[in-house]
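Visitor: Please read through the structure below; I'll follow up with questions.
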């Protein structure tokens, strides 16, 4: 195959496959369906202070 | 930690990631051999693009491990995946099915893409970059 055409096709395949990989990570991940809601449940304090202890105050 | 870490192992206060370490070595190899035009298609433009993608992946992988930035690691693995797909697909079109580099690239793409998914999906179903420490 002509090298110029081969390079163009290879670049196109690379762009498409990388986009599919990125999309699949969000589409089929274990938290794909509740990703946004789960993030909203995480208080910022946990990330800021590195303190992620179980909250047993209600038990 | 993520599924890409060796459970319980640390080095220099950082998680041990065997697949990431292997990709760092492979990216260094691909930068050198493609930038110096020692690859099977070294005289073509695509060889320099492969070298550039490998260099980007190498820098992102090293920086993410040293600085402990999970998201940068994911981008580094994605750049490594793109490099392998670019090299493999071009080799397939230009050299044909008989070229060894085609199958080496397919394997590399599977490793890099799989490592990306393992890093992006942690065992708790919570993306690691949202937390600074792991839950026990």
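Visitor: Which residues does a label at residue B:11 reach in region B:59-81, if reach means a backbone N under 16 Å from a point 7 Å past the Cα toward the Cβ?
Guide: Hits in region B:59-81 for residue B:11 at 16 Å: B:61-68.
Visitor: Rounded to the nearest 10 degrees, what's the angle between the helix B:100-120 long axis and the longest principal axis of chain B, both from Cα atoms, 0 to 90?
Guide: Taking Cα atoms only, the helix is inclined about 20 degrees.
Visitor: Still on this structure: Relative to the first principal axis of the alpha-carbon coordinates of chain B, what is the inclination of helix B:45-67, with its axis defined by its Cα atoms, in degrees from 0 to 90 and to the nearest 10?
Guide: 10
Visitor: In degrees between 0 and 90, to the nearest 10, how far off the longest principal axis of chain B does helix B:18-35 point, with axes built from Cα atoms?
Guide: Tilt relative to chain B: about 30 degrees.
Visitor: For B:86, B:62, what's the fewest-to-most ordering of other Cβ within 10 Å of each Cβ?
Guide: With the sparsest Cβ surroundings first, the list reads B:62, B:86.
Visitor: If neighbour count is taken as other Cβ atoms inside 10 Å, put A:18, B:36, B:2 in order from fewest to most.
Guide: Ascending number of Cβ neighbours within 10 Å: B:36, A:18, B:2.
Visitor: Also: Using a Förster radius of 30 Å, what is the FRET efficiency between residue B:69 and residue B:37 based on their Cβ-Cβ separation? Nearest 0.05, please.
Guide: FRET efficiency, residue B:69 to residue B:37: 0.35.
Visitor: How far apart, in nanometres, would the label points at residue B:21 and residue A:5 be if each is projected 7 angstrom from Cα along the Cα-to-Cβ direction?
Guide: The answer from the label model is 4.6 nm.
Visitor: How do B:27, A:1, B:83, B:78 line up, fewest other C-beta atoms within 10 Å first?
Guide: A:1, B:78, B:27, B:83
Computed from the coordinates by the stated procedures, all read-outs in this text should not be read as laboratory data. Note that the structure is predicted; figures quoted are calculated from it, not measured. Cβ: placed from backbone, ideal geometry, glycine included. Neighbour counts: every protein chain shown.
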